[in-house]
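Okay, structure first, notes after.
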Amino acid sequence: MTDYSEIYKKQRAFFRTNKTKDIDFRIKALEDLKASVQKNEKQLIDSLKADLNKSEFDAYSTEIGFVLKEISFILSNLRSWAKPEKVKTPITHIGSTSYIYSEPYGVALIIAPWNYPFQLSISPLIGAIAAGNCAIIKPSEFTPKTSEVVAQLIKDTFPEEFVTVALGGIETSQALLKEKSDYIFFTGSVPVGKIIMEAASKNLTPITLELGGKSPGIVHKDANLKLAAKRVAWGKFTNAGQTCIAPDYLYLHKDSRDEFLTYFKESIQELYGENSLKNENYTRIVSENHFKRLSSFLSNGETLVGGKVDTERLLIEPTLLTNITWEDPVMQDEIFGPILPILEYSQLSEVIEGIHNHPKPLALYIFSESEKIQQEVLNSVSFGGGCINDTIYHIANPYLPFGGVGPSGTGAYHGKGSFDTFSHKKSVLKQTTAFDIPLRYPNVKNGLKKI
Ligand code: NAD
């Protein structure tokens with residue numbers, strides 16, 4: 001097992017020079033990062049194609065462009081976010097003023113998954129740098145080409161005592177977790193999230209956990225069915241369903257089920273053509289083991305659409321399964337692939353009950369034209385974040401902090417959320433020395449006796 005204590009020592013020493021706290025240093029670092037990402041665009045597109053068969057469009061819109069936008073947004077706000085925030089002080093504290101200082105934690109460890117291997121390594125880094133931290137990134141071992149480009153890009157941009165990349169798999173992750181980080185930002189699965197939380201607890205290290213789970217989509221009978229079909233198909237099958245906030249399964253109202261499914265089939269064809277397995281822009285499943293796990297679900301219920309696979313190229317068609325119950329294997333865990341099981345309902349209460357019986361999801365999507373139905377779902381179900389009449393889009397709004405709740409995650413990031421996540425909020429009261437109000441002290445003449 002590699003020993004990472006040296007790099008932690010170097011980063012901690014660099015952090016203590018206070019250089020990373022300087023606002024001009026942070027801005028320059030973010031500008032340098034932006035320039036490096038732009039310079040490495042082609043390498044990134046090629047590596048994402050090699051690792052996951054991502055199309056150039058997806059590679060740019062969901063990874064490279066996403067990261068560039070995030071840097072620009074943070075750059076245009078950072079100076080004002082980083083200022084100490086003056087807050088009110090009660091009259092009882094007359095003579096004093098109160099401030100909240102945003103201070104960096106120190107050395108931040110960022111552990112990333114494989115599904116958006118570039119975006120999910122670099123987006124947290126943007127927050128870490130903006131807040132003035134040093135950082136060590138551990139990208140995924142399942143996307144080796146992209147992880148290598150990330151490592152090279154970071155090496156060419158920053159000295160290792162400021163930001164560095166540790167390449168490797170579980171062992172690397174575990175070796176890093178043995179060191180004392182000042183912050184841990186983890187994106188990945190629920191079971192590994194528990195391991196991270198346990199490791200963090202040894203030093204009481206603050207953490208963010210961006211996890212997964214089964215995120216429901218609900219299409220009510222009064223929804224704009226055609227648009228709902230298109231938006232669900234896009235959100236589910238982008239990246240071949242390997243998206244943490246993809247709708248995992250769909251609740252369809254029985255009265256509009258057939259009409260919705262007709263539109264849904266059309267939408268899949270519109271997005272991927274007659275034969276998605278022949279579509280060069282269709283993302284593949286990341287590994288043979290993941291492919292095998294997903295293929296085993298294809299025998300659940302009845303296949304209404306898709307179901308075919310290409311074992312050589314690790315492709316699975318966009319697939320719709322009907323006649324599914326909560327007891328089927330496909331409903332036991334997050335699917336994380338292009339397979340969409342359908343559940344039917346008559347009353348909204350059945351949907352709410354079904355979701356309540358399972359861990360709080362990372363995302364939820366409700367399609368309905370009725371404000372009352374929308375609000376009923378929002379008020380009844382707890383979930384990380386989501387959309388009304390859309391899927392996934394909330395993740396791309398930098399004004400919306402992104403994260404889960406309980407089993408789907410702890411903490412949130414993006415935009416100011418990222419700056420806040422990587423900043424400790426230090427509350428400071430500054431007292432006057434011009435006078436001293438005696439009310440707080442006991443009456444010394446009478447000792448501590450009641451007067
Ligand atoms: P994963 O949990 O298997 O791996 C994530 C990272 O943890 C990798 O870098 C891996 O090397 C490391 N790791 C794996 N096992 C470990 C262990 N035992 N000890 C220490 N480190 C370990 O997740 P994954 O398969 O890469 O990604 C898919 C999961 O991530 C899905 O559950 C998905 O929902 C979730 N995800 C969540 C978000 C989000 O923003 N909430 C985004 C993307 C993916």
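The values are calculated or read from the model by the stated rules, or taken from the named source; none is laboratory data. Just so we're clear, the structure is a prediction, and the values are computed from it rather than from any experiment. Ideal geometry is used to build each Cβ from the backbone, glycine not excepted, and the neighbour counts take in all protein chains shown.
Per-structure values
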{"quantity": "Boolean, Ile100 is more than 16 Å from the ligand (Cβ to nearest atom) and surrounded by 16 or more Cβ atoms within 10 Å (Cβ to Cβ)", "calculated": "no"}
{"quantity": "Complete set of residues in the range 372-405 that are more than 19 Å from Thr238 (Cβ to Cβ) and assigned to a strand (DSSP E or B)", "calculated": "Ile388"}
{"quantity": "Every pair of residues 6+ apart whose Cβ atoms lie under 8 Å, when the first sits in the range 232-258 and is without any contact (Cβ under 8 Å) to a residue 24 or more places away in the chain and under 21 Å from Glu270 (Cα atoms) while the second is more than 13 Å from the ligand (Cβ to nearest atom) and assigned to a strand (DSSP E or B)", "calculated": "none"}
{"quantity": "Residues located in the range 161-170, provided they are surrounded by fewer than 20 Cβ atoms within 10 Å (Cβ to Cβ), away from the ligand (no atom under 15 Å from the Cβ) and among the aliphatic types (A, V, I, L, M)", "calculated": "none"}
{"quantity": "Residue match in the range 394-408 (condition: at pLDDT 95 or above, β-branched (Val, Ile, Thr) and within 41 Å of the chain's Cα centre (by Cα))", "calculated": "yes"}
{"quantity": "Helices (runs of 4 or more DSSP H) wholly inside the range 26-87 that include at least 1 residues being under 22 Å from Leu314 (Cα atoms)", "calculated": "41-52, 56-59"}
{"quantity": "Any chance Lys236 is of a type in the set (D, E, K, R), assigned to a helix (DSSP H, G or I) and surrounded by 22 or more Cβ atoms within 10 Å (Cβ to Cβ)", "calculated": "yes"}
{"quantity": "Hits in the range 333-354 (condition: in contact with a helix residue (DSSP H, G or I) (Cβ under 7 Å, 6 or more places away or on another chain) and small (Gly, Ala, Ser))", "calculated": "Gly337"}
{"quantity": "Scan of the range 180-218 for residues that are charged (D, E, K, R) and either crowded, with 19+ Cβ neighbours inside 10 Å or within 11 Å of the ligand (Cβ to nearest atom) (or both), ordered by number", "calculated": "Asp182, Lys194, Glu198, Glu210, Lys214"}
{"quantity": "Enumeration of residues in the range 126-160 that are buried (at least 18 other Cβ atoms within 10 Å of the Cβ) and either charged (D, E, K, R) or outside any helix (DSSP H, G or I) (or both)", "calculated": "Gly132, Asn133, Cys134, Ala135, Ile136, Ile137, Lys138, Pro139, Ser140, Phe142, Thr143, Phe158"}
{"quantity": "Pairs where the first residue, in the range 169-193, is of a type in the set (Val, Ile, Thr) and the second is in a helix (DSSP H, G or I) and near the ligand (Cβ under 7 Å from one of its atoms), C-beta under 6 Å, 6+ apart", "calculated": "Thr187/Leu120"}
{"quantity": "Criterion: surrounded by 18 or more Cβ atoms within 10 Å (Cβ to Cβ) and among the basic types (Lys, Arg) - qualifying residue of Lys360, Lys372", "calculated": "Lys360"}
{"quantity": "Residue in the range 243-283 that is farthest from the ligand (Cβ to nearest atom), counting only those that are farther than 27 Å from Pro361 by Cα and part of a loop (DSSP other than H, G, I, E, B)", "calculated": "Glu274"}
{"quantity": "The range 281-305 residues that are surrounded by 15 or more Cβ atoms within 10 Å (Cβ to Cβ), paired with ones that are of a type in the set (A, V, I, L, M) and assigned to a loop (DSSP other than H, G, I, E, B) (beta carbon under 7 Å, 6 or more apart)", "calculated": "Arg284/Leu314; Ile285/Leu314; Phe291/Ile285; Phe291/Leu314; Leu294/Ile285; Phe297/Ile335; Asn300/Ile324; Gly301/Ile324"}
{"quantity": "Any chance Thr319 is within 28 Å of Ser276 (Cα to Cα), in contact (Cβ under 8 Å) with a residue 12 or more places away in the chain, within 16 Å of the ligand (Cβ to nearest atom) and polar (S, T, N, Q)", "calculated": "no"}
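For every residue, the table says whether it meets (1) within 15 Å of the ligand (Cβ to nearest atom); (2) farther than 24 Å from Pro191 by Cβ; (3) under 19 Å from the mean Cα position of the chain (by Cα).
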{"residue": "Leu125", "(1), (2), (3)": "yes, yes, yes"}
{"residue": "Lys138", "(1), (2), (3)": "yes, no, yes"}
{"residue": "Val150", "(1), (2), (3)": "yes, yes, yes"}
{"residue": "Ile154", "(1), (2), (3)": "no, yes, no"}
{"residue": "Phe158", "(1), (2), (3)": "no, yes, no"}
{"residue": "Leu176", "(1), (2), (3)": "yes, no, no"}
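This table checks each residue for (1) at pLDDT below 95; (2) over 21 Å from Ile388 (Cβ atoms); (3) of a type in the set (Lys, Arg); (4) part of a strand (DSSP E or B).
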site: Ser296; (1), (2), (3), (4): no, yes, no, no
site: Gly307; (1), (2), (3), (4): no, yes, no, no
site: Arg313; (1), (2), (3), (4): no, yes, yes, no
site: Leu321; (1), (2), (3), (4): no, yes, no, yes
site: Thr325; (1), (2), (3), (4): no, yes, no, no
site: Ile335; (1), (2), (3), (4): no, yes, no, no
site: Pro341; (1), (2), (3), (4): no, yes, no, yes
site: Glu369; (1), (2), (3), (4): no, no, no, no
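Results for (1) within 18 Å of Ile137 (Cβ to Cβ); (2) part of a loop (DSSP other than H, G, I, E, B), shown as yes or no for each residue.
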position: Glu171; (1), (2): yes, no
position: Pro191; (1), (2): no, no
position: Lys194; (1), (2): no, no
position: Glu198; (1), (2): no, no
position: Ser201; (1), (2): no, no
position: Thr205; (1), (2): yes, yes
